[in-house]
Amino acid sequence: MIRAKKSLGQNFLIDQNIIKKIIETIDIKDKNILEIGPGTGNLTLEILKKNPKKVILIEKDNILANQLIKKFSKNVEILNKDVLKVNENTLCDQSLIVFGNLPYNISTEILSKWILNLNQNKIWFSCLILMFQKEVADRIISKFNTKNYGRISILSNWRLDVKKIFDVKAACFYPKPKIDSTVLFFKPKKNFFKLRNPKNLEKITRIFFMHRRKMIKKPYNQLFNNDESIAYQMGINLNLRPQNLDFNTYYKLTEKYECLRS
Ligand code: SAH
């Protein structure tokens with residue numbers, strides 16, 4: 001068996017039922033598929049059995065990428081690259097269905113990057129079916145007033161509808177990780193709050209959630225130059241904690257912040 005590299009978050013999915021279940025989430029016949037971190041090609045093999053139109057793989061590990069080329073090169077496009085350095089908007093001229101048992105050390109970084117780089121109209125994927133560590137997935141799907149609610153929940157909900165598909169036990173992987181995983185399904189929202197620059201949403205949530213247990217008065221005043229009138233107009237109580245503000249309040253606050261700076 002192949003030696004897994006911890007630095008590349010390599011935990012290979014070895015449970016055949018789970019692999020099948022992931023692929024059967026959606027009909028992929030004649031569709032364009034992208035897989036992130038295919039590793040030894042366990043998922044890829046099942047994807048190919050469903051007769052997709054085209055399959056693109058992005059694998060950073062040189063050794064694994066070379067093995068994948070030997071195994072699949074006839075009907076698959078293999079990019080031996082770092083997914084964080086690929087411009088996802090130019091991968092394919094038709095929209096992609098994306099699968100990925102993501103490298104856990106960079107899973108939120110990948111998702112954030114994709115959301116921040118999304119075009120307003122032409123979106124490069126039709127859906128994402130991604131595996132995260134369970135606790136990361138719990139943060140992504142959290143709603144306000146809960147302990148897991150935070151930056152990644154607010155960012156994801158801004159452009160994507162997210163639903164949990166199922167949990168996956170740690171024993172389904174080799175090497176076995178310490179914690180369980182969860183598969184999530186994402187679809188782009190048709191209607192979303194228009195922002196001038198999504199980086200501002202990232203900035204606002206970063207500053208608000210710097211101290212989860214403290215009141216939002218301080219981060220608010222830092223961002224709005226001690227002008228509490230905007231909070232007053234919006235009916236925001238500055239004695240609340242960051243997890244007590246709902247999604248829309250964060251999007252509106254970002255809009256106000258953008259107006260202030262223009
Ligand atoms: N999909 C496979 C492997 C998942 S492990 C399976 O389920 O069995 C995560 C995979 O992502 C590994 O193959 C690892 O080499 C790859 N990887 C790690 N960092 C990456 C990056 N920055 N870009 C692309 N692939 C990466």
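Descriptive notes on the structure:
- Interchain or long-range residues, amide H under 5 Å from I78's placed H: L57
- Probing with 1.4 Å while keeping every protein chain in the model, the per residue accessible area of the chain equals 52 Å².
- Among beta bridges identified by DSSP and lying wholly in the chain, the antiparallel ones come to about 45 percent.
- In a fully extended conformation the segment linking K189 and N237 would gain 14.4 nm over its present Cα-Cα distance, using 0.36 nm per residue.
- Computed label-point distance, nm, for sites K256 and R212 using a 7 Å Cα→Cβ extension: 2.5
- Oblate is the label for the range 6-188, because the ratio a/c of its alpha-carbon gyration tensor axes (a ≥ b ≥ c) is 1.5 or higher and a/b is not greater than b/c.
- With DNA, RNA and ligands ignored, accessible area of T90 (1.4 Å probe; Å², nearest 10): 100
- The range 127-151 versus the range 30-102: alpha-carbon centroid distance in Å: 25
- In the chain, the longest principal axis of the Cα atoms and the axis of helix 247-261 are about 70 degrees apart.
- Packing around the peptides 213-220, 8-15, taken as the average count of other Cβ atoms within 10 Å per residue, puts them in this order, highest first: 8-15, 213-220.
- A straight chain from N226 to K53 at 0.36 nm per residue would run longer than the Cα-Cα distance by 56.7 nm.
- Model label sites at N145 and Q16, defined 7 Å from Cα along the beta-carbon direction, differ in position by 4.8 nm.
- Shape call, the range 120-186: gyration tensor on alpha carbons, a/c limit 1.5: oblate
- Carbon plus sulfur fraction of accessible area for the chain, probe 1.4 Å, in percent: 48
- Count of lysine pairs in the range 198-260 with Cα separation under 18 Å (8 or more residues apart, or interchain): 10
- On full extension, the segment bounded by D161 and L8 gains 52.3 nm, given 0.36 nm per residue less the C-alpha separation.
- Anisotropy class of the range 166-221 from Cα gyration tensor, a/c 1.5 cut: oblate
The values are calculated or read from the model by the stated rules, or taken from the named source; none is laboratory data. Values in this document were obtained by computation on a predicted structure and should not be read as measured data. Cβ coordinates were reconstructed from backbone atoms using ideal geometry, including for glycine residues, and neighbour counts include every protein chain displayed. What goes into the accessible areas is simple: the full protein's heavy atoms, side chains included, and nothing from ligands, DNA or RNA. Shrake-Rupley method; radii C 1.70, N 1.55, O 1.52, S 1.80 Å.
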